[in-house]
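Notes for the one structure printed next.
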Amino acid sequence: MEGGGVDHLAEERQKSRFDVDEMKIVWAGSRHAFEVSDRVARLVASDPAFRKDNRNLLSRKELFKNTLRKAAYAWKRIMELRLTEEEAAKLRFFIDEPAYTDLHWGMFVPAIKGQGTEEQQQKWLPLAYKMQIIGCYAQTELGHGSNVQGLETTATFDPQTDEFIINSPTLTSSKWWPGGLGKVSTHAVAYARLIVNGQDHGVHGFIVQLRSLDDHMPLPGITVGDIGMKFGSGAYNTMDNGVLRFDHVRIPRNQMLMRVLQVTREGKVVQSDVPRQLIYGTMVYVRQTIVSDASSALSRAVCIATRYSAVRRQFGSQKGGPETQVIDYKTQQSRLFPLLASAYAFRFVGEWLKWLYTDVTQRLQANDFSTLPEAHACTAGLKSLTTSATADAIEECRKLCGGHGYLTSSGLPELFAVYIPACTYEGDNTVLLLQVARFLMKTVSQLGSGKQPVGSTAYMSRAEHLMQCRCSAQRVEDWLKPDVVLEAFEARALRMSVACAQNLSKFSNPEEGFAELSADLAEAAIAHCQLIVVSKFVEKLQQDIPGQGVKQQLQTLCFVYSLHLLHKHQGDFLSTGCITPKQASLANEQLRSLYSQVRPNAIALVDAFNYTDHYLGSVLGRYDGNVYPTLYEDAWKDPLNDSVVPDGYHEYLRPVLKQQLRNARL
Ligand SMILES: CCCCCCCCCCCCCCCCCCCCCCC/C=C/C(=O)SCCNC(=O)CCNC(=O)[C@H](O)C(C)(C)COP(=O)(O)OP(=O)(O)OC[C@H]1O[C@@H](n2cnc3c(N)ncnc32)[C@H](O)[C@@H]1OP(=O)(O)O
Ligand SMILES: Cc1cc2nc3c(=O)[nH]c(=O)nc-3n(C[C@H](O)[C@H](O)[C@H](O)COP(=O)(O)OP(=O)(O)OC[C@H]3O[C@@H](n4cnc5c(N)ncnc54)[C@H](O)[C@@H]3O)c2cc1C
């Protein structure tokens with residue numbers, strides 16, 4: 001992608017045995033998606049307004065103002081260039097800076113679309129689309145985040161005035177965390193307990209104006225501000241996560257989002273035939289997008305670590321020749337290549353999840369709610385699995401880059417700091433796994449009742465076979481048979497779920513049992529989610545994939561992903577009797593051989609992500625591999641090097657040195 005100087009990785013690029021340009025298209029999802037992405041990436045990289053290499057040097061105030069500037073400029077460019085929604089989303093992606101716009105477009109707008117009536121959508125969406133109002137998603141409170149039903153903010157209907165009174169009755173009911181709330185949003189979709197005639201109808205969404213559209217001052221009864229610095233110096237501090245308190249704020253009745261439940265002028269509460277879980281619908285949408293984001297963050301870290309591993313040399317010089325590239329160490333390969341394979345695996349499962357989400361949305365519009373539980377379980381489970389794996393992987397990539405990985409200029413510390421809250425926001429990952437476990441226990445309990453499991457649990461319909469089958473792998477090559485691998489993952493997932501269900505049945509109180517067994521249940525949920533990822537990778541390979549050697553590379557990566565998981569979790573596979581110790585050892589032998597096949601293609605496989613140097617933001621991951629001179633030059637740019645003798649020398653250093661001198665003389 002980058003052009004110019006000497007390419008230190010040219011030799012590596014020549015080693016590859018597949019058509020990188022075709023792989024770029026597979027990675028992007030289609031030729032059209034590739035072209036859009038490539039064009040917008042170049043647009044951002046070439047515009048100095050989107051410079052980001054100074055983020056760590058700015059104070060919080062400067063950083064935030066800089067983000068406001070970028071967002072305004074981005075919006076201006078979107079208008080000037082008449083960018084489509086797809087192009088605007090790519091623009092945001094390559095600008096690579098969390099901002100209030102994420103919550104406006106990613107949660108406020110979808111909440112109104114998903115939970116508002118036609119009339120409400122017609123009123124609010126045009127304003128939001130033109131950014132004449134800016135909104136956030138104010139659900140979490142100081143006292144409750146995971147337990148949404150435990151929220152304390154109230155929305156009490158006043159029949160006299162046809163209004164709701166929004167109130168924060170306690171300190172713990174203060175809204176806490178919503179992005180874009182602290183300093184920017186003019187409006188919020190705020191979640192509050194609906195109280196009508198003294199009766200509590202649970203949590204619902206309300207559109208509340210927070211700030212004046214004239215001078216941006218908070219409206220009467222509103223207390224609002226930023227919650228303070230977060231992990232890392234630049235990182236997520238570009239976002240104004242906020243605190244919000246309501247003191248009996250009045251809003252018109254028609255600002256309650258009423259697709260699920262209506263409150264009439266007379267104060268009658270009318271339940272529509274839409275299930276109340278739709279109130280959680282925005283979270284389902286965002287969890288789905290987070291899975292695709294995981295493959296982006298992971299591929300970015302892997303790209304940096306892979307390129308640098310090919311540049312970096314340590315030990316092994318023969319007769320004064322060059323030392324060994326660290327990428328040639330088997331330990332480096334066994335740590336790095338599964339992460340490379342995971343990036344591709346998450347990409348494909350993300351594509352599938354997007355399809356599933358689109359499908360469920362279309363069904364919901366036609367009042368078919370049957371696939372909602374499946375969509376919830378898949379989005380929750382895959383969000384949890386992919387974000388946990390990605391957060392761990394970014395840190396692993398830092399370690400794979402040795403000492404230089406710890407430098408800000410490697411790009412990895414900031415990526416880590418920005419990424420890790422994904423394990424918490426949109427649902428704590430453990431809480432989400434337990435949602436999947438509930439879904440699995442329900443499915444297992446219905447086996448044999450005549451109700452056929454469908455979708456991601458369809459494999460459970462072969463329970464009789466999967467509970468007793470023995471893995472057929474007898475030779476190393478057998479682990480390259482998709483059916484053999486898939487069956488091992490299916491049997492493991494089912495047996496772990498069934499074991500949990502059997503243990504649960506020993507408890508007279510199911511909720512007590514669920515709490516007691518929750519650690520095992522979370523593991524069963526992970527096994528199920530890993531199976532989904534493996535099976536979607538295998539399905540991807542059944543498609544027609546053009547390009548010389550492209551499909552073969554993907555096959556290799558698919559087996560690296562699967563066999564690496566099998567090796568890592570071999571305790572599960574062995575204890576459930578899905579494979580024997582001998583078969584585990586054969587699988588590991590196959591894995592080693594696959595690493596050797598990945599090695600010559602590694603650089604080309606990360607080039608296929610088509611990341612610009614601007615987006616990567618890493619000296620170690622530069623396309624041309626020209627790492628050392630750039631590291632050296634960059635060091636001198638640090639403000640500490642502005643003066644040869646540091647500020648503070650005369651006050652704090654010289655006296656100490658002089659003191660030592662006197663002591664030494666004594
Ligand atoms: C400078 C740059 C400028 C660029 C400018 C460019 C401008 C233009 C750009 C345009 C494009 C931009 C695009 C941006 C896109 C960005 C994407 C967004 C980014 C997101 C950032 C993240 C911010 C974070 C936000 C948040 O965190 S919001 C808060 C999230 N909170 C949670 O997730 C809470 C977790 N808790 C829960 O979900 C629930 O409470 C619970 C499920 C854990 C428990 O709930 P409850 O107690 O009610 O439930 P039960 O366990 O009893 O279950 C009851 C039944 O309901 C089912 N259920 C539960 N949840 C759901 C669900 N979600 N859907 C369906 N069904 C659900 C259960 O299964 C139970 O069912 P059953 O009864 O059948 O068993
Ligand atoms: C960067 C960031 C941005 C955010 N943006 C927004 C936003 O825009 N809007 C918004 O409304 N919110 C936002 N949030 C809030 C976020 O959604 C919550 O923090 C998240 O849902 C987790 O909830 P919690 O903080 O209550 O965690 P807790 O539930 O208090 O979790 C603490 C610990 O308890 C464990 N735990 C909790 N319940 C259970 C259980 N039932 N079983 C087992 N273990 C359990 C968890 O696993 C965790 O280890 C944001 C958060 C962050 C960090």
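Derivation of every value follows stated rules applied to the coordinates shown; laboratory data play no part. Given the structure is predicted, the values throughout are model-derived calculations rather than measurements. Every residue, glycine among them, receives a Cβ derived from its backbone with ideal geometry; neighbour counts consider all protein chains shown.
Couple of notes before you dig in:
- By definition, a body whose alpha carbon gyration tensor gives a ≥ b ≥ c is prolate when a/c is 1.5 or more and a/b is larger than b/c, and region 426-536 fits this prolate description.
- Förster radius 45 Å - calculated FRET efficiency between E351 and H650 (Cβ-Cβ, nearest 0.05): 0.15
- Where labels lie 7 Å past Cα in the beta-carbon direction, separation of S585 and D38 in nm: 4.9
- Averaging the Cα positions of each part gives two centres, and for region 424-495 and region 351-382 these lie 19 Å apart.
- Across region 1-58, the volume of the C-alpha convex hull divided among the residues equals 137 Å³ per residue.
- Reported to the nearest whole Å, the Cα centre-to-centre distance from region 312-346 to region 203-234 is 48.
- Gain in span if fully extended, S461 to V6, counting 0.36 nm per residue against the direct Cα distance: 158.0 nm
- The label-point distance for K65 and T264, in a model that sets each label 7 Å from Cα toward Cβ, rounds to 5.5 nm.
- Gyration tensor (alpha-carbon) shape descriptor, region 540-629, a/c threshold 1.5: prolate
- Residues T289, T161 in ascending order of nearby Cβ atoms (within 10 Å, fewest first): T161, T289.
- Modelled spin labels at C469 and T161, positioned 7 Å past Cα toward Cβ, are 6.5 nm from each other.
- Here the chain is treated with +1 on each Lys and Arg Cβ and -1 on each Asp and Glu Cβ, and its dipole about the Cα centre works out to around 860 debye.
- The value for region 105-274 of Rg(Cα) / (2.2 N^0.38 Å) is 1.00.
- Spatial offset of region 19-61 relative to region 285-302 amounts to 15 Å, using the alpha carbon center of each.
- Between L640 and V476, residue separation times 0.36 nm minus the direct Cα-Cα distance comes to 53.4 nm.
- Magnitude of the charge dipole for region 65-210, about its Cα centre and with charges confined to Cβ atoms of Lys, Arg (+1) and Asp, Glu (-1), is about 720 debye.
- With contacts taken as Cα pairs under 8 Å at a separation of at least 6 residues, the chain carries a relative contact order of 17 percent.
- Expected-Rg normalisation [2.2 N^0.38 Å, Cα atoms] applied to the chain: 1.05
- Of the residues F559, W177, Y649, the one whose Cα sits farthest towards the positive end of the charge dipole of the chain is Y649 (charges of +1 on Lys and Arg Cβ, -1 on Asp and Glu Cβ, taken about the Cα centre).
- Between the listed residues L81, V208, T390, the Cα displaced farthest toward the positive end of the dipole of the chain, a dipole computed from Cβ unit charges relative to the Cα centre, is found at T390.
- Cβ crowding within 10 Å ranks H8, H650 as H650, H8, fewest other Cβ atoms first.
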